[in-house]
Amino acid sequence: MTVVVNRKDPRFDTLKRGHNARFPSSDAEAADRILLCSSPEEVAQALHKVVAAGLRPTVRSGGHCYEDFVSNNPHGALIDLSLYNTIGRDGEDGPYRVAPGAVLGDVYLALYKRYDLTLPAGSCFMVGAGGHISGGGYGFLSRLHGLTSDWVTGVDILTVDGKAKVIERRVDKDHDPDLLRACRGAGNGNFGIITSFCFDKLPPAPREVAQANLIFDWATMTEDRFTKVLTAYGDYWEGRGKDRDTWGLFTLMDITSKKRGHFGIYIQYCQPDGTAKDLSVLEEFLNRFDPFQPMLLQAHGSLISRRGPSIAGRKIQKGEQSLNHVREITVRPALDVTIGEGGSGSPTRGKYKSAYMKRTFTPAEASTIYRFYTSDQITAQNSVLSVDSYGGAINRPELANETAIAQRSSIMKLQWQCYWPDASGDQIHIEQLDKFFTDAYTGSHVDAHHQGTPWGERYEGCYMNYPDSDMLRYAYWPELYYGHEGLYPFLQHVKKKYDPNNVFHSSMSVQE
Amino acid sequence: MSDFTDNNAALSRNAESSDAPIGSRVNRRAFLAGMGLGGAAIALSPLHLGSVFERNAEEFLLCVGSFGAADAGTLHLLQIRRGKARVLSTQLSERPSALVRHPFQSLLYVANDVSLYRHLPRGTVETFAVERATGTLELVGRQPLSLSATRPRSLAVSHDGRSLLVAAFGGGAYNVLTIDESGLPSAPSTILKQVGRGGHPTEQASAHPSDILFHPRTALAIAADYGADRLDILDPDCEQPDPDNTIVTDRIPCIGGSGPSKIAMHPDGELFVVAHALRPALSAFRLSPEMKPVRVGYASLNEAPTAIGFSSQKDFIFAAHKRGGRQALLTAWKVDPQKGTLQGVSETALPASEIAAMHAVDSTLWIASDRGMIAVELHPETGTPRRSYRVSPIPDLRSMVLL
């Protein structure tokens, strides 16, 4: 039975919110009702009623959308799928199925415990599968196994035809293959409501992973030294990191304000066979940073490390503790790492941006980042620039034509994040983060027609699962998110075919 | 100063007095209830309506909107005096596709036929103050429509001046904007996403509300959906709609693939005519006592109508037709207000290619065209066109309203 929560319901104020506390932007911007559905049948009935009444439906799985696409829906209806969260398999040897309301942590646990499998998805336990998978979600195993959407072989999806009829579609390579491709990376909020993801096969769950941290002291970090650290990091992914034997290596460089004392790199590694017996690839990566004398983690602890050697596991130490330059690698059960520290915290206000990089950092980029994080700007103190390794199995060129993820040449993916507690910070943080981002992509390293955006020889645009409505100011914003090889026109064609009345729309949905 | 200006000033004063006209101090339903009328299909006083729409046929103001390849959008305030037009002022306005005036305030609302506003996919409505003393328009506000309510093409203001209805052609949506006491429309208070399609594979792949107007004697609005081949009857006074309660009180299917695009209401409010652009035709509808439109007349046409309008003699309706590269055609039709039959009575070539809007004032039909303003003198006895001439060369006119 669909649960209807309207404005008079005491649950409304809690349930109207997304994880980004900026949305709904105001009480008036919130949907007037929330429909909590527990089955595909309930979703279909709810969608039918919403469309028949002329209301705009927005769809929520986990509620982690960075922009206002879901929570801002004035006078509309928010269809919440979080109660529809099954994970299983069709029969004993049929495809695996994940319902959109399942959160990633539960997906990992169920796939591991039932089938000894995994999904190369993200690290936040509470992110919903619906938006994550359909938008091309990725995570620590993606260099080894590709994107979540790369593994999708079918979806069950509800679309609305030209006569307002809700159509239940089971989409695969033989049925509506164009819609399947669109849902493999651009399926969130564009064409219909996905009620099930289908996977003919999934990668085996790794047994163990090795973890390490590299911590750099801002106190000794001149601009030249900072540039060298970034370049060393980027050079690895542009060069050695493309070799297949490194695909099990995933790193995350988190750059934060100088006022926080340090910044660092989190490293995770497992071999293609799912073990962490031979750590030579990891050691090689760590050695690269020896000239910069990374600090002992325990001296600074929890700020940088989201996962790390301070917890139990098989430890391998190297270096001289007395010099505070000890390096520690911890090998742990992969499941512990996958679900151990993946919470995404309480809702807070945030702004996000993204960039795909095909090349290492330029001195100009490094300089912009250095100046920002060594400045007194309040936004610098409230933000983090995450530089994720990318590529590997993601960059199989043929996938660009089979999925709706165009970026298949990038070696790093950047995520700008800024967090603040209340609405008084909205304007300054949004403006300063935007300026920081724009400055990073302004200069001779970006071609004249794309100044201010990560596009061109060195870049591959932005990631739609880290949506940034600031990009709408560029007329070519679809190119940033969907490339220039014809994917966006393809998506427009699919949109016109399966959602001719644009029932599913947001400020950044596929447009005519 | 024209008689009309005096009228309007009087109306403005009345609006502030204790015996204010409709809607200025009470809500629409309360007002109508106070008149002993109730429900959605209640009759308004013709006397009241007359006071709003009276004009001096010899001298009046008219506003036209233009946009085209060389013009991003302009409003032109014209003074019409004894059959001649004089431009009093111009004002920038982005793609003004529809104009409507407030019933008793000197305010003009403009639909901006845009797909993006501040980088978001939505249209907008501008509000202009009509400064009659100086003959100028002053922009006082621009209100975005709901997300995906793009390319608005038609506006209608409720009789009490408290609601502005917008038909968003591009995004397939209706928006209801509440008008505050100062006359400014607020953010949409009701958003109605339309879903539908028609028989034409490309023109009618989705819903395209193209024209909307209020019934002169009730609080209901009638809209034509070009893309979905239907008429929608709306009750904007409906409480905020939900899945069980929508402001759409009825949907009337039209002939498949016909593309209903324009509506003209007979001043008595008992009959209206719909122009069909894709399968060129005129359809006459009568309203049943339950306010359900029933088609009573039909006339097929050779060329697609681009604008229609009743004559001031009420029982004539004019249709303007686009004829490729040739001169546009004006056809006159005799309407039987009881039976709804349509009988063609005349055809007149016009000095333009495409007609966007027309209004009859006394014995003259004022026409906004791609080649300027055209006046068509009507025969005082037969009501048929007698002669036409261009009164202003302003090109690319897309909208018009009498002030």
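Report, by residue number, each residue of region B:130-150 that is surrounded by 23 or more Cβ atoms within 10 Å (Cβ to Cβ) and either modelled with pLDDT under 95 or not aliphatic (A, V, I, L, M) (or both).
Across region B:130-150, the qualifying residues are B:S146, B:S148, B:T150.
Got a sec? Which of A:D426, A:D447, A:D499 is within 14 Å of chain B (Cβ to nearest Cβ) and touching a strand residue (DSSP E or B) at 6+ places or on another chain (Cβ under 9 Å)?
Answer to the check: A:D499.
Being part of a helix (DSSP H, G or I), touching a Lys or Arg at 6+ places or on another chain (Cβ under 7 Å) and surrounded by fewer than 24 Cβ atoms within 10 Å (Cβ to Cβ): is that true of A:A232 here?
For A:A232, the condition - part of a helix (DSSP H, G or I), touching a Lys or Arg at 6+ places or on another chain (Cβ under 7 Å) and surrounded by fewer than 24 Cβ atoms within 10 Å (Cβ to Cβ) - is met.
Looking at region B:237-276, what strands (runs of 3 or more DSSP E) fall wholly within it and have at least 3 residues that are within 14 Å of chain A (Cβ to nearest Cβ) and either surrounded by 18 or more Cβ atoms within 10 Å (Cβ to Cβ) or modelled with pLDDT of 85 or more (or both)? Working first, answer last.
Values: elements: B:248-253, B:260-265, B:271-276.
Counting at least 3 such residues, we get B:248-253.
Might you check whether a residue that is among the β-branched types (V, I, T) and either touching a Gly at 6+ places or on another chain (Cβ under 9 Å) or not assigned by TED's automatic domain parsing to the domain that holds A:H75 (or both) occurs anywhere in region A:36-51? Steps first, please.
Looking only at region A:36-51, we keep the residues that are among the β-branched types (V, I, T), and these are A:43, A:50-51.
Restricting the remaining residues to those that are either touching a Gly at 6+ places or on another chain (Cβ under 9 Å) or not assigned by TED's automatic domain parsing to the domain that holds A:H75 (or both) gives A:50.
There is at least one residue in region A:36-51 that is among the β-branched types (V, I, T) and either touching a Gly at 6+ places or on another chain (Cβ under 9 Å) or not assigned by TED's automatic domain parsing to the domain that holds A:H75 (or both).
Mind listing whichever residues of region B:175-189 are buried (at least 24 other Cβ atoms within 10 Å of the Cβ) and within 11 Å of chain A (Cβ to nearest Cβ)?
B:N175, B:V176, B:P188
State all residues of region A:371-387 that are crowded, with 23+ Cβ neighbours inside 10 Å and outside any helix (DSSP H, G or I); if no residue qualifies, say none.
A:S383, A:L385, A:V387
Of all the residues that make up region A:446-472, how many are hydroxyl-bearing (S, T, Y), more than 21 Å from A:Y138 (Cα to Cα) and in contact with a Lys or Arg (Cβ under 8 Å, 6 or more places away or on another chain)?
Of the residues in region A:446-472, 0 are hydroxyl-bearing (S, T, Y), more than 21 Å from A:Y138 (Cα to Cα) and in contact with a Lys or Arg (Cβ under 8 Å, 6 or more places away or on another chain).
Starting from residues that are modelled with pLDDT of 95 or more, surrounded by 24 or more Cβ atoms within 10 Å (Cβ to Cβ) and not in a strand (DSSP E or B), keep the ones in region B:163-174 and report whichever is nearest to the other protein chains (Cβ to nearest Cβ).
B:G172
Please specify each residue of region B:127-159 satisfying the condition of being part of a strand (DSSP E or B), within 14 Å of chain A (Cβ to nearest Cβ) and either out of contact with any strand residue (DSSP E or B) (no Cβ under 9 Å at 6 or more places or on another chain) or polar (S, T, N, Q) (or both).
Within region B:127-159, just B:Q143 meets the criteria.
Determine which single condition B:A368 fails, assuming it passes every other condition in (1) within 30 Å of B:R251 (Cα to Cα); (2) in a strand (DSSP E or B).
(1)
Looking only at residues in region A:396-433 that are free of Cβ contacts under 8 Å to residues at least 60 places away in the same chain and buried (at least 16 other Cβ atoms within 10 Å of the Cβ), which one is farthest from A:V171 (Cα to Cα)?
A:Q432
I'm checking my understanding of the structure. Among residues of region A:455-496 that are within 24 Å of B:T202 (Cα to Cα) and more than 13 Å from chain B (Cβ to nearest Cβ), which one is surrounded by the most Cβ atoms within 10 Å (Cβ to Cβ)?
Within region A:455-496, the match that is surrounded by the most Cβ atoms within 10 Å (Cβ to Cβ) is A:L491.
Taking region A:127-141 as the region of interest, how many residues are under 22 Å from A:P206 (Cβ atoms) and not β-branched (V, I, T)? Step through it out loud before you land on a result.
Quick first cut of region A:127-141, residues under 22 Å from A:P206 (Cβ atoms) only: A:127, A:129, A:132-133, A:136-141.
Filter once more, so that each one left must be not β-branched (V, I, T): A:129, A:132, A:136-141.
Of the residues in that region, 8 qualify.
Give the number of residues within region B:206-225 that are out of contact with any Cys (no Cβ under 9 Å at 6 or more places or on another chain) and closer than 10 Å to B:G172 by Cβ.
4
Within region B:98-108, can one find any residue that is touching an Asp or Glu at 6+ places or on another chain (Cβ under 8 Å), more than 16 Å from B:A368 (Cβ to Cβ) and crowded, with 24+ Cβ neighbours inside 10 Å?
The answer is yes; a qualifying residue exists.
Going through B:G196, B:G227 one at a time, which residue ends up being over 17 Å from B:P152 (Cα atoms) and small (G, A, S)?
Details: B:G227 fails: over 17 Å from B:P152 (Cα atoms).
Residue meeting the stated conditions: B:G196.
Please verify whether region B:288-295 includes one or more residues that are free of Cβ contacts under 8 Å to residues at least 12 places away in the same chain, out of contact with any Cys (no Cβ under 9 Å at 6 or more places or on another chain), within 14 Å of chain A (Cβ to nearest Cβ) and not in a strand (DSSP E or B).
No, there is no match, as no residue in region B:288-295 is free of Cβ contacts under 8 Å to residues at least 12 places away in the same chain, out of contact with any Cys (no Cβ under 9 Å at 6 or more places or on another chain), within 14 Å of chain A (Cβ to nearest Cβ) and not in a strand (DSSP E or B).
The values are calculated or read from the model by the stated rules, or taken from the named source; none is laboratory data. Owing to the predicted nature of the structure, the values given are computational and were not obtained by experimental measurement. Backbone-built Cβ (ideal geometry, glycine too); neighbour counts: all protein chains shown.
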